[in-house]
Amino acid sequence: MVKRRDYHAYIYLLPALFLMGVFVLYPVMNTILTSFKEGYRFLTGSFLLFSFENYRMILLDKIFYRAIINTSFIAFVCVPFSMLSALVTALLLNSIKRLKGFFMTLFYLPQVTNVIAAGMVFALIFNNHFGLINMLLVKVGINPVAWISGVGIAASTELYMASYLRCLFVLFVYMMWNGLSLKVILFLGGLQNIREDYYLAARLDGTSKWKIFRKITVPLLSPTTFYVFITSVITAFKAYSQVVALFTTTYGPAGDNSKMMITVVGYIIDALGSYLSAGAVSVASAAAVLLMISIMFLTAVQFKILNRWVHYK
Amino acid sequence: MKERQLHTIFYVILVLTALLVLIPFAWMLLTALKSEGEALMVPPILFPKRPMVSNFILALEIAPFLSYLSNTVIVAILVVLGSTTVTVLASYAFAWMDFPIKNILFFMILGSMMIPQEMLIITNFMTIARLGWMNSYKALVLPYVIHAFNIFLLRQTMLQVPNDLFIASRIDGLGHFRFLRKVVLPICKSTLYTTMLLSLIWIWNTFAWPNLVTTKDSLRMISNGLSNAFTVNTGSIRYELQMSATTLVTIPLILIFIALRKHIFEGMKRGGIKG
């Protein structure tokens with residue numbers, strides 16, 4: 001090694017460390033602190049006392065539970081399905097030669113599309129009157145569905161649930177489309193990292209294709225699979241603009257005032273939006289702390305499991 | 001089943017998937033070209049009779065769309081320049097220099113990747129407000145200049161530069177900075193482009209932060225402008241103009257991506273997960 005102690009390194013690191021301190025480290029500390037301040041006023045910085053009041057308020061708030069349910073739906077329903085379709089797509093891509101680059105480019109397009117713009121397009125595709133989906137339904141003789149509609153939901157629980165399920169479906173379709181890109185590329189990278197020799201040896205032994213897939217591809221791909229799962233779940237925990245794009249900042253179809261489709265980050269942003277009223281910012285902080293704890297927990301689980309059962313190259 | 005038949009099935013499935021991915025783009029473009037009457041037809045029609053290219057100009061007039069666009073481009077350029085500089089310097093130090101508390105600092109950077117942006121938004125908002133930076137480019141740019149994942153990604157790639165090159169460049173009398181510029185950066189070009197695109201996507205999509213720190217319409221960025229100007233719940237929405245606007249927002253990034261796609265895929269693969 002030629003490397004020797006080099007104090008110039010601090011000059012190289014100075015900009016990164018400075019920005020990190022101001023915009024990452026200090027905010028984390030401060031947000032944790034703020035989350036315990038009761039009756040915190042943003043403008044004056046005054047508060048009554050340190051307590052768990054903000055956490056208590058959140059845990060008693062119906063909307064927060066709605067946010068958790070919707071966020072969990074994205075993380076634990078949408079993510080597995082989009083992983084499965086991404087894995088199949090990557091396997092297919094990996095076994096063809098011609099047009100591979102072309103398909104990869106196509107599949108990557110949703111990733112470089114503005115989230116708000118894409119959400120608007122999906123809202124229009126599912127539009128009750130002018131949407132593509134209803135047009136196709138009518139063509140095959142099915143009655144059009146009011147996909148994003150809150151008509152009559154305030155009066156009837158049944159209608160509310162029906163409307164909610166339809167909105168979840170729209171969100172699901174959007175998340176499938178939106179989530180495919182990155183996962184396909186990551187899976188493809190993982191597949192290409194598996195050494196050819198294993199396949200060659202198996203083929204020489206006359207192993208069947210299905211068995212090769214199960215005994216070689218699946219175990220050797222497991223680190224990638226796990227990495228994709230955890231990062232996707234973490235991204236899903238932070239879902240926000242997707243929901244705003246589909247359902248606007250009221251987090252629901254027109255006619256809904258229960259914030260039907262709100263997510264945890266939506267909850268934080270909402271509280272932050274009314275920063276002038278006492279306690280709002282500290283409630284937002286407490287929700288953010290809960291979010292960070294769940295993300296850290298997931299990351300810890302990732303490291304633990306990666307070390308234990310995932311096969312290494 | 002024969003190998004060839006199997007491959008045909010593979011291609012059929014891939015083409016179908018590709019079509020599903022492309023449908024939203026197609027619907028966006030087709031709607032963008034419809035006339036006002038055609039966009040409101042029930043049931044809707046697929047193709048406009050006469051493509052209304054003028055919709056794009058109308059969409060630009062409805063909202064100060066050009067100003068949203070130019071704001072986003074200015075912020076994007078500043079962020080990409082700043083963030084690339086900061087990232088390159090930091091990842092070089094982590095990859096090729098040795099200094100006290102190096103590991104502690106690196107783990108700090110790694111750890112910060114776990115922290116959700118939303119956790120930071122609250123205090124950063126207070127910081128910006130107290131500094132009196134509301135409604136300024138500084139507020140829009142600075143928090144995005146630090147990008148922990150990019151530092152991590154680029155450092156991983158820089159570590160793969162052979163040590164012999166470092167020794168050779170030392171013998172030739174090159175210091176760290178020239179070694180970085182003449183040897184390391186050219187080798188890490190793909191990853192560098194990847195980090196730039198990641199920053200760019202980040203800025204292009206960013207929604208919550210600019211919404212908080214800008215109140216003036218003249219400083220709005222594209223996502224916010226788009227959502228404010230074209231999703232008004234009251235009255236009727238001009239869908240064809242909304243879609244023209246989304247088309248205008250979508251195209252620049254797609255073009256940049258297509259131009260850089262070889263590097264992006266390469267960079268992702270290299271920086272990707274290792275077993």
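The values are calculated or read from the model by the stated rules, or taken from the named source; none is laboratory data. None of the values given here were measured: they were computed from a predicted structure. When we count neighbours, we look across all protein chains shown, and the Cβ atoms used for this are built from the backbone with ideal geometry, even at glycine.
Kindly check whether there is at least one residue in the stretch B:160-183 that is closer than 23 Å to B:L255 by Cα, within 27 Å of the chain's Cα centre (by Cα) and not charged (D, E, K, R).
no
What residue, among those in the stretch A:10-45 that are of a type in the set (G, A, S) and modelled with pLDDT of 90 or more, is nearest to B:R155 (Cα to Cα)?
A:A16
What pairs can you find where one residue is in the stretch A:15-33 and within 20 Å of A:V289 (Cβ to Cβ), the other is part of a helix (DSSP H, G or I) and among the small types (G, A, S), and their Cβ atoms are less than 7 Å apart, with a gap of 6+ or different chains?
Correct list of pairs: A:M20/B:S112; A:V24/B:S112; A:T31/A:S285; A:T31/A:A288.
In the set B:V42, B:V21, which member is buried (at least 16 other Cβ atoms within 10 Å of the Cβ) and within 12 Å of chain A (Cβ to nearest Cβ)?
The conditions single out B:V21.
Restricting attention to the stretch A:50-69, does a residue exist that is more than 30 Å from B:V88 (Cα to Cα), assigned to a helix (DSSP H, G or I), under 24 Å from the mean Cα position of the chain (by Cα) and hydroxyl-bearing (S, T, Y)?
Yes, the stretch A:50-69 has at least one match.
Whether any residue in the stretch A:108-121 is closer than 30 Å to B:I203 by Cβ, hydrophobic (A, V, I, L, M, F, W, C) and in contact with a Lys or Arg (Cβ under 7 Å, 6 or more places away or on another chain) is what I want to check.
The answer is no, given that none of the residues of the stretch A:108-121 is closer than 30 Å to B:I203 by Cβ, hydrophobic (A, V, I, L, M, F, W, C) and in contact with a Lys or Arg (Cβ under 7 Å, 6 or more places away or on another chain).
Working only within the stretch A:20-42, note down all residues that are over 29 Å from A:S258 (Cα atoms) and out of contact with any strand residue (DSSP E or B) (no Cβ under 9 Å at 6 or more places or on another chain).
A:M20, A:G21, A:V22, A:F23, A:V24, A:L25, A:Y26, A:P27, A:V28, A:M29, A:N30
Can you name the condition, by its number, that A:R5 falls short on among (1) more than 8 Å from chain B (Cβ to nearest Cβ); (2) over 28 Å from the mean Cα position of the chain (by Cα); (3) loosely packed, with under 13 Cβ neighbours inside 10 Å?
(1)
Those residues that are in a helix (DSSP H, G or I), free of Cβ contacts under 8 Å to residues at least 60 places away in the same chain and more than 7 Å from every other protein chain (Cβ to nearest Cβ), I need them from the stretch A:96-133; list them, please.
A:K100, A:G101, A:F102, A:I133
Give me a count of the residues in the stretch A:80-112 that are at pLDDT 90 or above and under 28 Å from A:I148 (Cα atoms).
Count: 11.
Could you count how many residues in the stretch A:254-308 are over 20 Å from B:S112 (Cα atoms), among the hydroxyl-bearing types (S, T, Y) and in a helix (DSSP H, G or I)?
2
Among all residue pairs at least 6 apart or on different chains, which show Cβ distances below 8 Å where the first residue, located in the stretch A:278-298, is facing chain B (nearest Cβ under 7 Å) and more than 13 Å from A:K238 (Cα to Cα) and the second is surrounded by fewer than 18 Cβ atoms within 10 Å (Cβ to Cβ) and at pLDDT 90 or above?
A:S285/A:I32
Among all residue pairs at least 6 apart or on different chains, which show Cβ distances below 7 Å where the first residue, located in the stretch B:78-94, is crowded, with 24+ Cβ neighbours inside 10 Å and the second is not in a helix (DSSP H, G or I) and not charged (D, E, K, R)?
Cβ pairs passing all conditions: B:S83/B:H147; B:V86/B:I146; B:T87/B:H147.
Which pairs do you get when a residue that is more than 8 Å from chain B (Cβ to nearest Cβ), found in the stretch A:263-275, comes within reach of a residue that is among the charged types (D, E, K, R), reach meaning Cβ atoms under 9 angstrom, with the pair 6+ apart or on two chains?
Taking only residues 6 or more apart or on different chains, the pairs are A:T263/A:K238; A:V264/A:K238; A:V264/B:E118; A:G266/A:K259; A:Y267/A:D61; A:Y267/A:R66; A:Y267/A:K259; A:D270/A:K259.
Looking for something among the hydroxyl-bearing types (S, T, Y) and surrounded by 22 or more Cβ atoms within 10 Å (Cβ to Cβ) - is there at least one such residue anywhere in the stretch A:252-265?
Scanning the stretch A:252-265, I find at least one residue that is among the hydroxyl-bearing types (S, T, Y) and surrounded by 22 or more Cβ atoms within 10 Å (Cβ to Cβ), so the answer is yes.
Report whether or not A:F172 is facing another protein chain (nearest Cβ under 8 Å), assigned to a helix (DSSP H, G or I) and of a type outside the set (V, I, T).
Considered against the rule, which asks whether it is facing another protein chain (nearest Cβ under 8 Å), assigned to a helix (DSSP H, G or I) and of a type outside the set (V, I, T), A:F172 comes out as no.
Looking at this structure, is A:I69 more than 8 Å from chain B (Cβ to nearest Cβ) and touching a residue at least 40 places away in the same chain (Cβ under 8 Å)?
no
Among the residues of the stretch A:80-88, is there at least one that is in contact (Cβ under 8 Å) with a residue 24 or more places away in the chain, in contact with a Ser or Thr (Cβ under 9 Å, 6 or more places away or on another chain), within 14 Å of chain B (Cβ to nearest Cβ) and assigned to a loop (DSSP other than H, G, I, E, B)?
Checking the stretch A:80-88: not a single residue is in contact (Cβ under 8 Å) with a residue 24 or more places away in the chain, in contact with a Ser or Thr (Cβ under 9 Å, 6 or more places away or on another chain), within 14 Å of chain B (Cβ to nearest Cβ) and assigned to a loop (DSSP other than H, G, I, E, B).
Do we find that A:Y10 is facing chain B (nearest Cβ under 9 Å), more than 24 Å from A:A287 (Cβ to Cβ) and surrounded by 13 or more Cβ atoms within 10 Å (Cβ to Cβ) in this structure?
Criteria met by A:Y10.
Quick test of your reading of the structure: B:N228 fulfils all but one of (1) at pLDDT 85 or above; (2) within 30 Å of B:T127 (Cα to Cα). Name the failing condition by number.
So B:N228 meets the others, but not (1).
Give me a count of the residues in the stretch B:133-160 that are surrounded by 19 or more Cβ atoms within 10 Å (Cβ to Cβ) and part of a loop (DSSP other than H, G, I, E, B).
2
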